[in-house]
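Structure first, then comments.
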Amino acid sequence: MARIRLTAFVHGNVQGVGFRWWTRSRALELGLAGHATNLADGRVCVVAEGDAGDVEKLLELIREQPSSRSRPGCVDLVVEQYGDVRGERGFEER
């Protein structure tokens, strides 16, 4: 399967609510590498590398409305970009 790199800028109430921790947990469950980083303007930048299907699954989870796996915070908009894989290792909260 093809490996891809996603950079997703997540808008909404996503800082100070456990969103980065939740994203890291889901990414690790999917076997992805990368990071979730708070930005000065209130967004969170999520970078994820791995198999295309797993990266797309993480993007779906970030976008979906809270459910039984209750994603913290409130996501209003996700703007995604794709690029070349850079060899990320592990998944960090920054």
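Here the residues Leu32, Leu59, ranked from fewest to most Cβ neighbours within 10 Å of their Cβ, fall in the order Leu59, Leu32. Run the paramagnetic zone check for Glu93: 7 angstrom along Cα to Cβ, then residues of the range 10-32 with backbone nitrogen under 11 Å. Answer for the range 10-32: 16-25.
What whole number of Å gives the distance from the Cα centroid of the range 72-91 to the Cα centroid of the range 1-30? A separation of 6 Å, based on Cα centres.
Using only Cα atoms, tell me the angle between helix 19-29 and the longest principal axis of the chain; keep it within 0 to 90° and round to the nearest 10. For 19-29 against the chain, the angle is about 30 degrees.
Here the contact order of the chain, divided by its residue count and restricted to Cα pairs under 8 Å and six or more residues apart, works out to 47 percent. By the helix-only formula, in which each DSSP H run with n ≥ 4 contributes -39500 (n - 2.57) and the sum is divided by residues, the chain has a 222 nm mean residue ellipticity of -7500 deg cm²/dmol. When the chain is described by a simple charge dipole with +1 on each Lys and Arg Cβ and -1 on each Asp and Glu Cβ, the residue from Val10, Leu61, Ser25 located farthest towards its positive end is Ser25.
Read the figures in this text as sums done on the coordinates, not as results from a lab. As the structure is a computational prediction, the values presented were derived from the model and not from experiment. Neighbour counts run over all protein chains shown; Cβ positions are idealised from the backbone, glycine included.
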